[in-house]
Amino acid sequence: MTETYQSKTYQIGVIPGDGTGAEVVAEGLKVLEAVSKKYGFSLNFTHYMIGGENYKARGEILPDDVIESLGKADAIFLGAIGHPDVKPGILEKGILLKMRFHFDQYINLRPVKLYEGVSTPIKNKGPEDIDFVVIRENTEGLYAGAGGVLKKGTPDEVAVQESINTRKGVERCIRYAFEYCRKRNKRKKITLCGKTNVLTYAFDLWERVFYEVAKEYPDIETDYAHVDAICMWMVKNPEWFDVIVTDNMFGDIITDLGAMIQGGMGIAAGGNINPQGISMFEPIGGSAPKYTGLGIINPLAAISSAQLMLETLGETKAASMVEKAVMKVLREDLKDISAGKMGYSTSEVGDLVKDFIESN
Ligand code: IPM
Ligand code: MN
């Protein structure tokens, strides 16, 4: 048989990381293998054993040769970073944030979508009401690390942590959000989430850029909400939202709320995106130490992150097949999406997704 198309091979850097990361990544890879076979492209996985265990054993966090090698990948697939024996901040800043900054992954894309068969804690709301995307700026704001401490440990201690917002950083994030909103083609509405009533320097910049860029997108409706109010509206009227764009810190906070209204961390997926470079995909729930090694964690967040990866790589047919499979498994198979209550083990859930892909 001759091939009538050119099959593509993607280089994927895989970081299973800590806790349940390895368990969910294995299922993501299983699904990626199945869907790539079906759609005629290949994926070449290179594993990197970085994370808490490696740090404890070797004292290294994110070695330069790992960064250099990841720099040759088309995308990165990550499980979870965070270890109960390691002081908070070391691994998060040294691995996760370092990669976001190093690869200039300036967008953190987090869909909030309630699938059929998943229960939301919000009364009287269903899948038709909860379907929006949060676009979080991912390289600046309070995460930039600006600030410092004086007189540490004394009664006169001063701690300053500044939010850095650059015209370039804000604009590229807002532009991405408008483009995404247009392509998404749902309600064609974009909401800027800020705090213009108090953070009058940073969000003045955000607001001006937002309305300036909006002029180029007359087909898209614009709206604004303060971050505190948006927490209220996300619970009370989630159907109002289509695309929300916000800064790094607010985006961090509201996407945990988003994950809860879509059913829980077990299905919340995310992508750290550099539209011109190397993007990294990860489930947003952490390393879940208490479930590690039990085979009961839900791998669907990782599988949906793999779906986002396929979408970003341009393998859109494969991506929608993965979503279809996830939807079927949620609708028909799982009893509950929480760890230990699914009615299936972690790897059985991966098999259900894979079987659907292979037989459809
Ligand atoms: C997230 C996480 C990280 C963040 C932590 C682990 C540094 O909470 O991806 O949302 O704050 O961005
Ligand atoms: Mn977070």
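Quick notes
- Scanning region 256-269 for residues that are buried (at least 24 other Cβ atoms within 10 Å of the Cβ) and within 12 Å of ligand 2 (Cβ to nearest atom) yields a count of 2.
- GLY314 being modelled with pLDDT of 95 or more and surrounded by fewer than 24 Cβ atoms within 10 Å (Cβ to Cβ): yes
- Some residue of region 273-283 being free of Cβ contacts under 8 Å to residues at least 60 places away in the same chain, away from ligand 1 (no atom under 13 Å from the Cβ) and assigned to a loop (DSSP other than H, G, I, E, B): yes
- Scope region 157-169; condition outside any strand (DSSP E or B) and either touching a strand residue (DSSP E or B) at 6+ places or on another chain (Cβ under 8 Å) or touching a residue at least 24 places away in the same chain (Cβ under 8 Å) (or both); matching residues: GLU157, ASN165, THR166, ARG167, GLY169
- Any hit, region 174-189, residues being closer than 22 Å to GLY271 by Cα, in contact with a Phe, Trp or Tyr (Cβ under 6 Å, 6 or more places away or on another chain), in the same structural domain as ASP129 (by TED's automatic domain parsing) and in contact (Cβ under 8 Å) with a residue 12 or more places away in the chain: yes
- Qualifying position, being surrounded by fewer than 17 Cβ atoms within 10 Å (Cβ to Cβ) and modelled with pLDDT of 95 or more, among LYS37, LYS93, LYS30: LYS37
- Note on region 126-142: among residues that are of a type in the set (Asp, Glu) and part of a strand (DSSP E or B), the one that is farthest from ASN185 (Cα to Cα) is GLU137.
- Restricting attention to region 233-272, the residues being farther than 19 Å from TYR115 by Cβ, within 11 Å of ligand 1 (Cβ to nearest atom) and of a type in the set (S, T, N, Q) number 2.
- Residue check: ILE230 meets all listed conditions (1) outside any strand (DSSP E or B); (2) within 16 Å of ligand 1 (Cβ to nearest atom); (3) in contact with a Cys (Cβ under 6 Å, 6 or more places away or on another chain) but one, namely (2).
- Residues that are of a type outside the set (Val, Ile, Thr) and within 14 Å of ligand 2 (Cβ to nearest atom), drawn from region 272-287: ASN272, GLU282, PRO283, GLY285, GLY286, SER287
- The listed residue being in contact with a strand residue (DSSP E or B) (Cβ under 8 Å, 6 or more places away or on another chain) and away from ligand 1 (no atom under 16 Å from the Cβ), out of LEU109, LEU150: LEU150
- Any hit, region 217-235, residues being away from ligand 2 (no atom under 16 Å from the Cβ) and in contact (Cβ under 8 Å) with a residue 60 or more places away in the chain: yes
- From the options CYS173, CYS193, residue that is touching a Ser or Thr at 6+ places or on another chain (Cβ under 6 Å), modelled with pLDDT of 95 or more and within 16 Å of ligand 1 (Cβ to nearest atom): CYS193
- The sole residue among SER320, SER347 that is modelled with pLDDT of 95 or more, over 21 Å from SER42 (Cβ atoms) and part of a helix (DSSP H, G or I) is SER347.
- Single residue of region 244-254 satisfying the filter (surrounded by fewer than 24 Cβ atoms within 10 Å (Cβ to Cβ) and β-branched (Val, Ile, Thr)) that is farthest from ligand 2 (Cβ to nearest atom): ILE254
- Count of residues meeting criterion [of a type outside the set (A, V, I, L, M) and either out of contact with any helix residue (DSSP H, G or I) (no Cβ under 8 Å at 6 or more places or on another chain) or more than 20 Å from LEU192 (Cβ to Cβ) (or both)] in region 244-269: 9
The values are calculated or read from the model by the stated rules, or taken from the named source; none is laboratory data. Keep in mind that what you see is a predicted model, and the values were worked out from it rather than measured. Heads up, the Cβs are rebuilt from the backbone with ideal geometry, glycines too, and the neighbour counts pull from every protein chain shown.
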